[in-house]
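First up is the structure itself, then whatever we jot down about it.
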Amino acid sequence: MKAIVIHEYGPPEVLRYEEVPDPVPRPGEIRIKVHATTVNRVLDVSLRAGKEGARGAVLPLIPGVDCAGVVDAVGPQVTRWHIGDRVAAAGFMPLELCAEDGSGYAGPRGMMGIKRPGGFADYVAVPAAAAVALPKALDFHRAAVVMRHVPTAWNLLVHVAELKFDETVLIMGAGGNLGTIGIQIAKNVIGAHVIAAAGSDERVALGQKLGADHGINYATHDILDEVMKFTGGKGVDVLYDNIANPAVLPLAFRAIGMNGRLVTAGAHAGPNVPIDFSHLYHKRITIKGMPGYTPADLPHCLRAAAEGKVIPQIERVLPLSQAAAAHRMVEEHEGQGKIVLDPTLG
């Protein structure tokens, strides 16, 4: 099969499109013919550049922390999945042999594309326990994006922030991947009032197009003043921030109201941000960081996407062979959506 292989860290050109042996599913594993895999700023681009040494990747490596496709082969002891099933897989999963439902497994876990071969390939073998069925109405490209971002946003808003119907949430980075997903979950799934904040009119407009009730360009307006106008001086119940921009977050933090919550799973513009501690205790604010997701949420996330409640933003779909070009695009600009690689296109 063809795959992207990293033999050494460096610029995008180190991504080599080459022939490698087809993976053979072990007991408890399935093999997926990949139709889509996403390009991620940290877990793919930064990793390839050699900036994620703490994650423990070992070269040579086939990257790609998610995938969507069709079951192509099943290993021994697998009865749940059958050839032709439409599935997706992403993130942390068992690294050693385990039962197909994952029961009783206490061994090491790691991310596909970091600790085990990833989705930048024609085929990938994963534990049967790590796969999730795709709704018929959800195509592979959107499914891959859903697997990467929707479960994280869902976990932050539903479980960590416990955002309620009719509460107000301020979504920072409204034009980014977690931002656009957060807006739609908050509005279309939970029924909250949504304020979308971003650093350009274009990205604010995208947030409002996706359902935000109000938009703020924090490059041209005072975010604290604007939030207070919209909320009648009350402030927001939840601040959802996965950027940690030290020029903006301190003001946004002061826009949190009584018993408010700040939730986060990212800090690529920080990580160090000053906050007003007097506001923290006077307003009885809770701050929670929580990366990752709850596996039980995956079917809900995929169903929401299939029903059109959450529409993943895709900037471009490229053949797998153009992975290096995709990495350059991610490095050079903040797109409004995900870049997806499709191995079936070459």
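The values are calculated or read from the model by the stated rules, or taken from the named source; none is laboratory data. Please read all numbers here as calculations on a predicted model, not as lab measurements. Positions of Cβ are generated from backbone atoms using ideal geometry, with glycine treated the same way; all protein chains shown enter the neighbour counts. Calculation scope for accessible area: heavy atoms of the full protein, side chains included, ligands and nucleic acids excluded. Shrake-Rupley method; radii C 1.70, N 1.55, O 1.52, S 1.80 Å.
For the residue pair ALA325 and GLN208, what label-to-label distance in nm results when each label sits 7 Å from Cα along the Cα-to-beta-carbon direction?
Reported label-point gap for ALA325 and GLN208 is 3.5 nm.
Under 13 Å from the Cβ of ILE314, count the other residues' Cβ atoms, weight Lys and Arg +1, Asp and Glu -1, and hand me the total. Working shown, then result.
Values: positive: ARG142, ARG148, ARG316, LYS338; negative: ASP139, GLU315, ASP342.
Cβ neighbours under 13 Å give a net charge of +1.
Enter the accessible area of ILE223 (Å², nearest 10), with the probe set to 1.4 Å and all protein chains included.
Around 0 Å² of this residue is reachable by solvent.
For GLY173, list long-range residues whose amide hydrogen, built 1.01 Å from N in the peptide plane, is under 5 Å from its own amide hydrogen.
So GLY173 has HN proximity to ALA197.
Counting only the backbone N, which residues of the range 45-69 are under 14 Å from the spot 7 Å out from the Cα of TYR9 toward its beta-carbon?
Under cut-off, by backbone N: 45-61.
Explain nothing, just compute: Karplus ³J(HN,Hα) = 6.51 cos²θ - 1.76 cosθ + 1.60, θ = phi - 60°, for every residue of the range 148-162 in order, whole Hz, x for Gly and Pro.
Ordered by residue, 3J(HN,Hα) equals 7, 10, 4, x, 5, 5, 4, 4, 4, 7, 7, 9, 7, 7, 6 Hz.
Report the accessible area of ARG261, computed with a 1.4 Å probe over the heavy atoms of all protein chains in place, in Å² rounded to the nearest 10.
40 Å²
Could you run the Karplus curve 6.51 cos²θ - 1.76 cosθ + 1.60 with θ = phi - 60° over the range 110-117 and give me ³J(HN,Hα) per residue in whole Hz, x for Gly and Pro?
x, 7, 4, x, 9, 9, 8, x
Between VAL70 and THR220, what FRET efficiency comes out of the Förster formula 1/(1 + (r/R0)^6) with R0 = 51 Å and r the beta carbon distance, rounded to 0.05?
Numbers: r = 47 Å, r/R0 = 0.93.
Using R0 = 51 Å, I get an efficiency of 0.60.
Quick check on the chain: of the DSSP beta bridges with both residues there, what percent are antiparallel, nearest 5%? Let's see the in-between values first.
On the way: 31 of 57 bridges.
Counting only bridges with both partners in the chain, antiparallel ones make up about 55 percent.
For the range 13-136, max minus min Cα coordinate along each principal axis, in Å, sorted largest first?
So the extents along the principal axes, rounded to whole Å, are 40, 31, 28.
Tell me the mean residue ellipticity at 222 nm calculated for the chain from its helices only (DSSP H runs of n ≥ 4, each -39500 (n - 2.57), averaged over every residue, nearest 500). Display every interim value, and only then the final one.
On the way: 8 runs with 71 residues, N = 346.
Using -39500 (n - 2.57) per qualifying helix, the result is -6000 deg cm²/dmol.
Can you list the residues, at least 5 places off or on another chain, whose amide H is less than 5 Å from the amide H of HIS214, using H built in the peptide plane?
For HIS214, the qualifying residues are VAL194, ALA196.
Pull up the DSSP beta bridges for the range 207-346 and report the antiparallel fraction as a percent, rounded to 5.
0 percent
Report the calculated FRET efficiency for VAL24 and HIS268 (r = Cβ-Cβ distance, R0 = 41 Å), to the nearest 0.05.
0.65
Output wanted: per-residue J couplings in Hz (rounded whole) for the range 309-320, from phi through Karplus 6.51 cos²θ - 1.76 cosθ + 1.60, θ = phi - 60°, x for Gly and Pro.
Per residue, the Karplus-derived 3J(HN,Hα) values read 6, 10, 10, x, 8, 10, 7, 7, 10, 10, x, 4 Hz.
How many nm is it between the label spots at SER103 and THR79, if each spot is 7 Å from the Cα in line with the beta carbon?
It is 1.1 nm.
For the range 259-346, what does the alpha-carbon gyration tensor say about shape, rounded, prolate or oblate, given a ≥ b ≥ c as the root eigenvalues, a/c under 1.5 as rounded, and a/b over b/c as prolate?
Numbers: a/c = 3.27, a/b = 1.70, b/c = 1.93.
Because a/c hits 1.5 or more and a/b fails to exceed b/c, the range 259-346 counts as oblate.
For the range 199-346, what value does the Rg/Rh ratio take when both radii are computed over Cα atoms and Rh is the Kirkwood radius, given to two decimals? Intermediate values should be presented prior to the final figure.
Details: Rg = 18.2 Å, Rh = 17.9 Å.
Result: Rg/Rh = 1.02.
Run the quick spin-label model on VAL317 and ARG284: label points 7 Å from Cα toward the beta carbon, then report their separation in nm to one decimal.
According to this spin-label approximation, the distance is 5.0 nm.
Can you sort LYS187, LYS309 by solvent-accessible area, 1.4 Å probe, largest first? Walk me through the numbers before you get to the answer.
Values: LYS187 60, LYS309 85 Å².
Descending order: LYS309, LYS187.
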